[in-house]
């Protein structure tokens, strides 16, 4: 994916973090959340339902049309985007790989953080921490993140979902809204790690899938390779029993993920390679 294609898809998300701001100082930063804060944002024409006390009488007198003042709350939010760069992210077709979809998700969230004047960072993992970019804000930081994401190439490696979860608990970073983006093709015996990480932060799981991976095509004998273990196996895709077992495996993975998120009150979004990223994320 090139930069122009990626940037053409970016739109501001309606992200509303539930955690309290870690910023204890007023008049330091601004978010795009409209409210009766101390920081003036803009003036617009009066709309039905606006508070009368917000009317800007000077502008109203100048244009002879009622105008109101819009304020921005003095808050500072921190976002952290976690991306899974293990070998399974290399699955895809000529249109898009799962890793490219993850980058698109990350770009959408980072773009929103920039426009809302919030701090955002990126953590990329596989079976170890591959890259960490600390949280910062501003236009320059956004373009720095985009360059790093577009330059990054996943390597042949296994998935260890516990690695970023343990990192979240151990590292001293501000309380953040953490967007954990992965295909979650791994064990789900992670309740304790997830619970610990979610105690300190607000976790949001974003499950990235490819439309072609959950169903086996009926094409006879086919050699399959596990991208993480490099193990190759011949299977008979014409066998209905084999195809059913394959689909059952993916269904079980999805159910385990859903049950874990439901039990720990963690929001979960599913994004397929053929679905619009913006609408899927805003559905949260």
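The values are calculated or read from the model by the stated rules, or taken from the named source; none is laboratory data. Owing to the predicted nature of the structure, the values given are computational and were not obtained by experimental measurement. Glycine gets a Cβ as well: all are built from the backbone with ideal geometry, and neighbour counts include every protein chain shown.
Looking across the range 153-196, the residues that are farther than 19 Å from residue 131 by Cα and part of a helix (DSSP H, G or I) come down to 191, 192, 193, 194, 195, 196.
What do you reckon, is residue 239 in the same structural domain as residue 96 (by TED's automatic domain parsing), in contact with a strand residue (DSSP E or B) (Cβ under 6 Å, 6 or more places away or on another chain) and surrounded by 14 or more Cβ atoms within 10 Å (Cβ to Cβ)? Explain how you work it out, then say what you get.
Details: in the same structural domain as residue 96 (by TED's automatic domain parsing): yes; in contact with a strand residue (DSSP E or B) (Cβ under 6 Å, 6 or more places away or on another chain): no; surrounded by 14 or more Cβ atoms within 10 Å (Cβ to Cβ): yes.
For residue 239, the condition - in the same structural domain as residue 96 (by TED's automatic domain parsing), in contact with a strand residue (DSSP E or B) (Cβ under 6 Å, 6 or more places away or on another chain) and surrounded by 14 or more Cβ atoms within 10 Å (Cβ to Cβ) - is not met.
Out of the range 77-97, which residues are in a helix (DSSP H, G or I) and surrounded by fewer than 24 Cβ atoms within 10 Å (Cβ to Cβ)? Give the derivation first.
Here is the first cut: in the range 77-97, the residues in a helix (DSSP H, G or I) are 87-90.
If the condition is that a residue be in a helix (DSSP H, G or I) and surrounded by fewer than 24 Cβ atoms within 10 Å (Cβ to Cβ), then 87, 90 are the ones that fit.
Condition check ((1) over 16 Å from the mean Cα position of the chain (by Cα); (2) at pLDDT 90 or above; (3) under 18 Å from residue 253 (Cβ atoms)) across all residues:
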residue	(1), (2), (3)
184	no, no, yes
215	yes, no, yes
222	yes, no, no
227	yes, no, yes
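Scanning the range 130-148 for residues that are touching a strand residue (DSSP E or B) at 6+ places or on another chain (Cβ under 8 Å), over 13 Å from residue 115 (Cβ atoms) and surrounded by 13 or more Cβ atoms within 10 Å (Cβ to Cβ) turns up 130, 131, 132, 133, 135, 136, 144, 145, 148. Residues that are under 25 Å from residue 157 (Cα atoms) and at pLDDT 80 or above were ranked within the range 229-247; the one that is nearest to the chain's Cα centre (by Cα) is 247.
Considered as a group, the residues in the range 149-165 that are loosely packed, with under 14 Cβ neighbours inside 10 Å and touching a residue at least 24 places away in the same chain (Cβ under 8 Å) include one that is nearest to residue 78 (Cα to Cα), and that residue is 155.
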